[in-house]
Amino acid sequence: MSQSPVAAISVRGLRAGYGASSILHGVDLDVAAGEFIAILGSSGCGKTTLLRTIAGFHPLTDGSISLFGRDVAGLPPEKRDMAMVFQSYALWPHMTVAGNMGYGLKLRGWSASAIAAKIDSLLSLLGLEGLGERKVTQLSGGQRQRVALGRALAIDPKLLLLDEPLSNLDAKVRLSLRYELKTLQKTLGFAAIHVTHDREEAMTMADRIIIMDKGRIAQIGTPEDVYDHPVSPFIARFMGADNQLPLCFMQKDGVAHVRIEGLEDHVLRWHGRPYEGTKTGYINEEAISLVEPDTDTNQSIILKGHISSRAYPGGQYRYSIACGPYHFSATSDHLFAEGEPVELRLPLNRLHIFDTQTA
Amino acid sequence: MTMLHLSTFSRRLLQGLGVGLLAFFLLGPLANLVLWSVAERWYTPFKLPVTYGTKYWEVVFRPTGDAMTSLTTSVGIALAVVVVTLIVSVPAGYALARLRLPFRAAIMLLFLLPQAFPSVAIYINVARIFYWIGLNGTVIGVVLVHSVHALVYSVWIAAAAFSSIDQDLEWAARNIGASPLKTFVSVTLPLAAPGLVAASIFVFLESLDEFTGTFFVGVPQVTTLPLLLYNASMGGNYQVASITALILLVPSIGFMLIIERFLKGDVLSKIGR
């Protein structure tokens, strides 16, 4: 896809809030034409406020928003050429499916026959053939969100805003609609900003992910960037690196070693990047493997421990492993008994090392 | 077993008695009204009318009769009151529901105030003021008095109707190009319509039944049905009074059935919020 030289949307120093309390503390972001961006964050991080401020539902206190080079920050929502898909669907219950989808076109002065043709093509695009005259209240959740998507796409928006559109759907529908949405976006080529709290949803759909924390952008990058190279402990934990261990780096005989606090016999050769002093390591449970003794310890930290609990969520076993004062979670195909001694392999390249947080 | 049967039986009996008493207190007066409306002659010591007939129905429904004139006056005033209260309560209700107004609770209470004081005291003063400015004895004066009285229902119900509409429904329209006015007309108003219809019906019935305010402000030039009823029964004409009361009952019962359909739980739960 050819990228337009002008960003589809460009946000600079955006600040917004409710009354005296400030929600967004200066957000910068650029979305290229045809790009799919996911804004990821836990509830209360300001991601929905950011989306609603971009849409014009919420006033900004400072900063600029420009759509294809045109400043829209001062414009009311109806003049911004964006379309939003809401978590609550926000379909008008007093109108039919076709009435909902044709609303924007009617406002734009399209003729009845042109609207009908457009709606027909949208209905078949969204797998809703023959439902045009239905009341929206007679549809299932997945169908309703498809209608809402059709209503937004009908006006050929320059930017599609998605406010947790899949959160209210049950798991199966959510997965299929996730795929459909991504396919539609690729075929039609519009730029999209998708707000979600679901990490997997963001990872699988987006070209780039923006992770927000307390009204600021914590990291922007491709799914690989944010997962493999988190810039802060917050990102690492958000990306599922829930296992933590304190690492004490030191020199021994002129060679880098690392000591794991609390495990006195664990002074290991350090093969990774050089660090100094005490740091905290974060690692995802799927990066940890349970290994046979005598495995090559190169490029890894090997810890001895024993299984403290086991669960079978399906596919693989999930273990909690006690290593001295630490507990790690890890998954494995092998069945181990509770209390059985095991060795954990933590690959150095999957270990994210940051300064120890005092808080 | 017998004990159980007995207790079921006695429960049935109590239920039956309860329903019977309720019916007596509700329907007894109604039966009396109906009886009076067809009694041409009825005096003591007779327990039932001496002669039956529809003479008084003809008197009431004579095109030139007082009753028909007051019925027209009453309905006209009630419709005008509905229009006036809608003009006030649609914007007021919307503002109360949507805007972050300071003193929102105080404003809601303000509409309740006219009900808080003894109405006679208020109406005497209103009558005095209306007399000064020449509104006493005019239909406009009566419409105003009824409107103030009815605003509490219409504003509170309208505010509830508007706040039960998810604001995202409005944003969805604005978002794809509708102006605020277009959004209000094509999305908000149709969705609030059931609540507004219910509010209007309440207002209509309130106005139709209103007596005290009309008595102080409208008499003697403006005679509504309740005033006619009052005059007739004070004058000992129980037949005309009964027929007037029956006429007043018709819209009340009819509209109550409609309101029950229109006013949904999600609107009711928002009243006073």
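The values are calculated or read from the model by the stated rules, or taken from the named source; none is laboratory data. On a predicted model such as this, the values are computed, not experimentally measured, just so you know. Note that each Cβ is placed from the backbone with ideal geometry, even for glycine, and that neighbours are counted across all protein chains shown. Ligands, DNA and RNA are excluded from the accessible area calculation, which covers all protein heavy atoms including side chains. Shrake-Rupley method; radii C 1.70, N 1.55, O 1.52, S 1.80 Å.
For segment A:240-355, with the dipole built from +1 on Lys and Arg beta-carbon atoms and -1 on Asp and Glu ones, taken about the Cα centre, which of A:PHE354, A:HIS271, A:GLY324 lies farthest toward the positive end? It is A:PHE354, whose Cα lies furthest towards the positive end.
What the pair-distance distribution of the protein assembly as shown shows, using all Cα-Cα distances binned every 20 Å from zero, is 14, 30, 27, 19, 8, 2, 0 percent. Out of every Cα pair in chain A, what percent are spaced more than 40 Å from each other? The answer is 30 percent, as a whole percent. Applying 1/(1 + (r/R0)^6) with R0 = 45 Å to the Cβ-Cβ distance of B:LEU35 and B:LEU110, what FRET efficiency is obtained, to the nearest 0.05? Between B:LEU35 and B:LEU110 the formula returns 0.50. Residues A:GLU338, A:GLU276, sorted by accessible area with the largest first, give A:GLU276, A:GLU338 [1.4 Å probe; ligands and nucleic acids excluded].
Indicate the gyration tensor shape class of chain B (rounded, prolate or oblate), computed on the Cα atoms with a ≥ b ≥ c the square roots of the eigenvalues: a/c under 1.5 is rounded; otherwise a/b larger than b/c is prolate and the rest oblate.
Oblate shape, in that a/c is at least 1.5 and b/c is the bigger or equal ratio.
For the peptide B:174-186, the mean number of other protein chain Cβ atoms found within 10 angstrom of a residue's Cβ is 6.
Of the accessible area of chain A, computed with a 1.4 Å probe over protein heavy atoms only, carbon and sulfur atoms account for 50 percent. Students often get this wrong, so check it: of A:LYS172/B:LYS182; A:LYS47/A:LYS172; A:LYS79/A:LYS182; A:LYS135/B:LYS182, which have C-alpha atoms separated by over 30 Å? Beyond 30 Å: A:LYS172/B:LYS182.
Structure remark: mean-square fluctuation, Gaussian network model of chain A, C-alpha springs under 10 Å; the largest value among A:GLY109, A:GLY314, A:GLY13 belongs to A:GLY314. Electrostatic tally near B:LEU229: other residues with Cβ closer than 14 Å to its Cβ, Lys and Arg +1, Asp and Glu -1, net -3.
For chain B, the solvent-accessible area with a 1.4 angstrom probe is 56 square angstrom per residue.
Taking only the Cα atoms of segment A:240-355, the radius of gyration and Dmax are 14.1, 47 Å. Between B:ALA232, B:ALA80, B:ALA105, the residue with the greatest mean-square fluctuation in the GNM of chain B (Cα pairs under 10 Å linked by springs) is B:ALA105. Atom-type composition of the exposed protein surface of chain B places 73 percent of the accessible area on carbon and sulfur (1.4 angstrom probe). Per residue, the convex hull spanned by the Cα atoms of segment A:34-143 amounts to 156 cubic angstrom. Could you tell me the calculated FRET efficiency between A:HIS257 and A:GLU285, based on Cβ-Cβ distance and R0 = 35 angstrom, to the nearest 0.05? With a Förster radius of 35 Å, E is 0.85.
What total accessible surface area, summed over both chains, is buried at the interface between chains B and A, computed with a 1.4 Å probe and given in Å² to the nearest 100?
Values: alone 16110 and 17200 Å², together 31550 Å².
Chain pair B/A: roughly 1800 Å² of buried accessible area.
Enter the mean projected area of the convex hull around the alpha-carbon atoms of segment A:235-280, in nm², rounded to one decimal. Answer in nm², one decimal: 3.8. In chain A, Cα pairs under 8 Å separated by at least six residues give a relative contact order of 15 percent. For trypsin sites (Lys or Arg not before Pro), the sites in segment A:160-247 that DSSP calls loop and that have at most 16 other Cβ atoms within 10 Å are A:LYS214.
Could you pull out every whole DSSP H run in chain B that spans at least 27 Å of Cα extent along its own axis and averages -0.5 or higher on the Kyte-Doolittle scale? Before the final figure, lay out each step's value.
Details: long enough: B:2-37 (50 Å, 1.13); B:66-98 (47 Å, 1.50); B:139-163 (34 Å, 1.86); B:189-209 (29 Å, 1.55); B:238-262 (36 Å, 1.60).
Helices meeting the criterion: B:2-37, B:66-98, B:139-163, B:189-209, B:238-262.
In terms of its C-alpha gyration tensor, segment A:136-243 comes out prolate, because a/c is 1.5 or above and the ratio a/b outweighs b/c. Each label was represented as a point 7 Å from its Cα along the Cα-to-Cβ direction; for B:VAL185 and A:GLU340 these points are 7.4 nm apart.
A:ASP198 sits with roughly 40 Å² accessible to a 1.4 Å probe, with DNA, RNA and ligands left out of the calculation.
Using a cut-off of 13 Å between beta-carbons, work out the net charge of the residues near B:ILE243 (Lys and Arg +1, Asp and Glu -1, B:ILE243 not included). The answer is -1. Rolling a 1.4 Å probe across the protein heavy atoms gives segment A:105-195 an accessible surface of 45 Å² per residue.
If you add up the charges near B:SER147, with Lys and Arg at +1 and Asp and Glu at -1, over every other residue whose beta carbon is less than 14 angstrom from its beta carbon, what do you get?
Net charge around B:SER147: -2.
3J(HN,Hα) couplings calculated from phi for segment A:194-211 with the Karplus curve 6.51 cos²θ - 1.76 cosθ + 1.60 (θ = phi - 60°) are, in sequence order, 10, 8, 7, 10, 9, 4, 5, 4, 4, 4, 7, 9, 8, 6, 9, 10, 10, 9 Hz; Gly and Pro show x.
Averaged over peptide B:163-173, the number of partner chain Cβ atoms lying within 10 Å of each residue's Cβ comes to 6.
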